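Comments concern the structure below.
The values are calculated or read from the model by the stated rules, or taken from the named source; none is laboratory data. Computed from a predicted structure; not experimentally measured. Here the Cβ positions follow ideal geometry from the backbone for every residue, glycine too, while neighbour counts run over all protein chains shown.
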Amino acid sequence: MVGPVASARPGGARGKGVAHQRAEFVVTVSTWVKYLLFQVPGWLIAVVVLLVLRVWIDLPVKIAVILFILWVVKDLLFYPLLRIAYQSGPKTVVEQLIGIKGVVREPLDPDGTVFVRGELWRAKTEIKAGPITAGSDVRVVRAEGMTLIVAAENGPATVIGDRHGT
């Protein structure tokens, strides 16, 4: 998946306080494709080694092909064990909470606490949101440090970021 992401750089050109935006393109690659792309250099090295062995010790082509196929099969068999290392996504606990529902414990006006995934978190409402009463359902829309920014669940759906369960 490819898509533009706008980012503002404070200070602008030559520090004159002019803010400008530049578009960056973010490419999302599946875990399987990422794993295979990381295996390609190893496969190329295996081919070079097998070609050198073919010249030095007169390795038969049939044996070289079988050894290369075994090398590739080994990489494919290791994928289930190594898949987690190649997965991308939120790296911190707070980032994993984006999109998750919670319940207000102390009223949010604009600060308070919410109960999300079995833990109490310090939370704030969005800038223009009104107060949210205790017991109301909220959804985490982003995080600022260790403080969750939430929106009322019955309000407009403005979830920012990836959704990782409910």
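Give Val49, Val72, Val94 a once-over and let me know the one that is of a type in the set (A, V, I, L, M, F, W, C), surrounded by 11 or more Cβ atoms within 10 Å (Cβ to Cβ) and closer than 30 Å to Val150 by Cα.
When all the criteria are applied, what remains is Val94.
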Tell me, which helices (runs of 4 or more DSSP H) wholly within segment 30-129 include 2 or more residues that are more than 16 Å from Arg142 (Cα to Cα) and within 25 Å of the chain's Cα centre (by Cα)?
31-56, 61-86
Within segment 139-166, how many residues are modelled with pLDDT of 50 or more and either among the charged types (D, E, K, R) or not in a loop (DSSP other than H, G, I, E, B) (or both)?
13
Looking at Leu67 and the list (1) surrounded by 14 or more Cβ atoms within 10 Å (Cβ to Cβ); (2) touching a strand residue (DSSP E or B) at 6+ places or on another chain (Cβ under 9 Å); (3) hydrophobic (A, V, I, L, M, F, W, C), which single condition is not satisfied?
(2)
Note on Ile132: of the conditions (1) surrounded by fewer than 14 Cβ atoms within 10 Å (Cβ to Cβ); (2) closer than 30 Å to Val150 by Cβ; (3) not polar (S, T, N, Q), unmet is (1)
Scanning segment 130-153 residue by residue, the ones that are over 13 Å from Gly102 (Cα atoms), hydrophobic (A, V, I, L, M, F, W, C) and over 24 Å from the mean Cα position of the chain (by Cα) total 0
Within the bounds of segment 13-24, is there any residue that is within 21 Å of the chain's Cα centre (by Cα) and at pLDDT below 95?
yes
